[in-house]
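Have a look at the structure below before the remarks.
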Amino acid sequence: MAQASTIEWTNATWNPVTGCTKISAGCDNCYAERFSERFRGVQDHPFENGFDLTLRPERIEQPLTWKKSKLIFVNSMSDLFHKDIPMDFIINVFETMEKADWHIFQVLTKRSSLMRTFINERYKNKSSPKHIWLGTSLEDHTKRSRIRHIQDTNASVRFLSIEPLIGPPGDLDLTGIRWVIVGGESGPQARPMQLSWVRSVRDQCIAQHIPFFFKQWGGPRPKSGGRKLDGHTWDQYPFTIEESYHPNVTAK
């Protein structure tokens with residue numbers, strides 16, 4: 001069955017790959033690495049090799065067996081566009097997503113230029129399927145080039161995960177973006193997120209008519225600071241089109 005998720009903006013996770021390597025400051029206190037490394041050396045545990053990049057071909061077709069429609073976060077414990085993942089493996093993952101079109105798949109990467117290249121080759125002169133949402137993650141204004149990469153990607157639904165937000169976001173051009181998620185860092189070494197940074201992203205989303213989802217303030221534990229921003233819970237989704245496309249999928 002699907003791996004149920006406590007991540008606020010999804011229903012389930014699917015990890016045909018686990019493990020990764022760090023590429024920017026947002027990776028410094030990676031929750032997936034912290035979790036995986038707890039089990040390094042534990043014989044026969046799924047994370048016996050810790051956070052080493054590991055292909056898991058036995059999981060490729062899992063979503064095809066899940067008959068109830070779900071929001072599925074793809075590779076919550078890795079990055080599908082890591083440079084060491086073979087192209088054939090990425091193609092197999094996309095073939096499964098294309099077949100399992102009763103789900104919505106949320107593909108999130110920090111390697112946005114590599115995703116752009118793959119998507120624009122696979123879906124030449126057209127957009128990716130509506131049920132495959134393509135997103136990129138950034139942590140502050142220095143990584144805004146990732147937004148440009150995804151804007152240049154042949155995607156039907158583009159989204160941003162600004163998490164962990166560890167610095168001022170700057171001015172954001174959200175042209176073509178359908179959804180923005182913001183969250184603070186969690187864990188024993190969590191870096192604090194300033195209220196002004198969150199408000200800046202929210203206000204820019206409102207001004208540009210983009211659905212805004214505030215995941216968490218973060219802290220020692222994910223739920224430490226709660227989820228309210230200025231007294232409200234912000235749980236907006238890009239469902240204007242997708243509600244009719246996937247009527248059985250509901251957000252938490």
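The numbers here are math on the coordinates, done by the rules we state, and not lab data. If you're wondering where the values come from, they're calculated on a predicted model, not measured in any experiment. Neighbour counts are summed over all protein chains in view; Cβ atoms, including those assigned to glycine, are modelled from backbone coordinates with ideal geometry.
Among the lysines, which fall within straight-line cross-link reach of residue 67, defined as a Cα-Cα distance under 19 Å, with same-chain neighbours fewer than 8 residues apart omitted? Within the straight-line cut-off, residue 67 pairs with 99, 130, 252.
Where (1) 0.96; (2) 1.24; (3) 1.05 are the candidate values, the label of the one calculated here for Cα Rg over 2.2 N^0.38 Å is (1). Take the Cβ atoms of residue 208 and residue 44, set R0 to 51 Å, and the FRET efficiency comes out at 0.55. Taking the Cα centre of the range 3-245 as reference, the dipole from Cβ charges on Lys and Arg (+1) and Asp and Glu (-1) amounts to some 280 debye.
Backbone N atoms of the range 96-112 closer than 17 Å to the 7 Å Cα→Cβ label point of residue 21 belong to residues 110-112.
Applying 1/(1 + (r/R0)^6) with R0 = 35 Å to the Cβ-Cβ distance of residue 152 and residue 6, what FRET efficiency is obtained, to the nearest 0.05? Provide the component values of the computation, followed by the final result.
Details: r = 33 Å, r/R0 = 0.94.
Approximately 0.60, to the nearest 0.05.
Under a 5 Å amide H cut-off, with hydrogens placed 1.01 Å from N, residue 154 pairs with 120 among residues at least 5 apart or on other chains. Straight-distance candidates among the lysines for linking to residue 110, with alpha-carbon spacing under 18 Å and chain neighbours fewer than 8 residues away dropped: 22, 83, 143. Among all stretches of the chain without exposed GluC sites (Glu not before Pro) (DSSP loop, at most 16 other Cβ atoms within 10 Å), which one is longest? Between exposed loop sites, the widest span is 62-252. Looking at the range 3-245, the DSSP beta bridges with both ends there are about 20 percent antiparallel.
For the range 3-245, calculate the relative contact order in percent as a whole number, restricting contacts to Cα pairs under 8 Å that are 6 or more residues apart. Can you show the working numbers first?
Details: 479 pairs, mean separation 33.1, N = 243.
Averaging sequence separation for qualifying contacts and normalising by length gives 14 percent for the range 3-245.
Considering only 220, 210, 86, the residue lying farthest towards the positive end of the dipole of the chain is 210, judged by Cα position with unit charges set on Cβ.
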